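Laboratory data are not the source of any read-out in this text; all were calculated from the coordinates shown. Computed from a prediction, not measured in an experiment: that's the story for all the values here. Note: ideal-geometry Cβ built from the backbone for every residue, glycine included; neighbour counts use all protein chains shown.
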Amino acid sequence: MSTSALPFDDFRALVETMPGPDMEAVAAVRQRETQLTKPAGSLGRLEDLVEWLAAWQGQPKPRVSRPLVAVFAGNHGVAKRGVSAFPIEVTEQMVSNFAAGGAAINQLCIAYDLGLKVFELALEIPTADISVEDAFEEADCAATMAFGMEALSGGSDLVCLGEMGIGNTTVAAAIFHALFGGSARDWVGPGTGVEGEALELKVKVVEEAVERCGGPEKLEPFEVLRRLGGREIAAMTGLILAARMQQVPVVIDGFVTSAAAAILYKMDERALDHCIFAHVSAEPAHQKAIDAMNGKPLLDLGMRLGEGTGAAVAAGIIKAAAATHSGMATFEDAGVLNKD
């Protein structure tokens, strides 16, 4: 990436030059679908997934052979306000658990044959308490986005986003509130399990953070990210943008990963066309966030863990969709009569 006078200018330029879908590949998929040994449309949304893969891989017979779950971990100064049921030390402890193979995401990656990479983002230096000061300077935020872009290297053909960070549902709620308006209460949920007075405190902290920035719907999206975001959210925003430029489809996980996606959506409503929402989380405001981005989640399993777990389950279905399309026989191949 070139260096400009203002760090965010390079990212703005990328958003303005995003490639579109490969409609020739989509047409090839649709033509093949008419010849496969099944009634037209009988695999429902699996057929839509194959078209989506073809559009963004640029392949008439899309495949998922090198899927990656990328989990970004960051710490947040706002956690010291008591907005989470867990202490900030848990972020680093969970990263160690990922490395040891003991987390839920490890088991799902084994079950679905997915690659897993975990990226620690200066866990020893939490971002600032966003209720009283900005999370980043612009250069630091841009550098973290660039780090996320570089995390895509390695030839992956499907990327699933995941995150870990105590306090990050508070940060995500503040981002949604700043981007989409409404009240702080519309966007704040229990996260890791806060309730009662702690939940009321969480609402108050989100209100303070957004009011400090001038109120809802006042800032350009990258400024929202700089002033309210965490490192893991900035890195995921960068990865989503890099994936678009490199024709790699992206699976968005839950509430926090959707906040990273929302930054780009508010820059350009086409910016998430290469993404799919894996599931609707049990975090109450997640469906509201997906609706605000005109999304259609693949699953609703009552999940709210993060770590990329919902995205990993969705990736298993996406892999199956691609394999079914590519591996099925045509009516002619199988010697089966097609309808007139």
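With kT/(6 pi eta Rh) evaluated at 20 °C and eta = 1.002 mPa s, and Rh the Kirkwood radius from Cα pairs, the chain diffuses with a coefficient of 106 µm²/s according to Stokes-Einstein. Orientation-averaged projection of segment 55-115 equals 6.3 nm² [convex hull of Cα atoms, one quarter of hull surface area]. Compared with the alpha-carbon gap, the fully stretched path from residue 111 to residue 96 is longer by 3.3 nm at 0.36 nm per residue. Computed from point charges on the beta carbon alone (+1 for Lys and Arg, -1 for Asp and Glu), the dipole magnitude for the chain about its Cα centre is near 740 Debye. If you sort the three axes of the alpha carbon gyration tensor as a ≥ b ≥ c, you get a/c of 1.5 or more for segment 157-263 and a/b no higher than b/c, which makes it oblate.
Length gained on full extension, residue 195 to residue 45: 50.3 nm, using 0.36 nm per residue less the C-alpha separation. Checking the a/c ratio against 1.5 first, then a/b against b/c, what shape does the Cα gyration tensor give for segment 180-236? It is oblate, given that a/c is not under 1.5 and a/b is not larger than b/c. Annotation note: GluC sites (Glu not before Pro) in segment 90-196 located in DSSP loop regions with a Cβ neighbour count of at most 12 within 10 Å are 124, 133, 137, 195. Quick one, what does Rg over Rh come out to for segment 4-134 if you take C-alpha atoms and the Kirkwood Rh? Using Cα coordinates only, the ratio equals 1.12.
If R0 is 30 Å, the Cβ-Cβ spacing of residue 15 and residue 288 corresponds to a FRET efficiency of close to 0.80. Length gained on full extension, residue 89 to residue 328: 81.1 nm, using 0.36 nm per residue less the C-alpha separation. Under 1.5 on a/c is rounded, so check that first for segment 218-267, then, if it is not, pick prolate when a/b is larger than b/c and oblate when it is not; a ≥ b ≥ c are the square roots of the alpha carbon gyration tensor eigenvalues. It is prolate, given that a/c is not under 1.5 and a/b is the larger ratio.
Cross-link list 218/319; 117/296; 80/117; 61/266: which exceed 30 angstrom alpha carbon to alpha carbon? With Cα atoms farther than 30 Å apart: 218/319; 61/266.
If you take the Cα centroid of segment 25-90 and the Cα centroid of segment 268-309, the two points sit 11 Å apart.
Backbone amide hydrogens, once placed in the peptide plane, bring residue 158 within less than 5 Å of 66, 68, excluding anything fewer than 5 places away on its chain.
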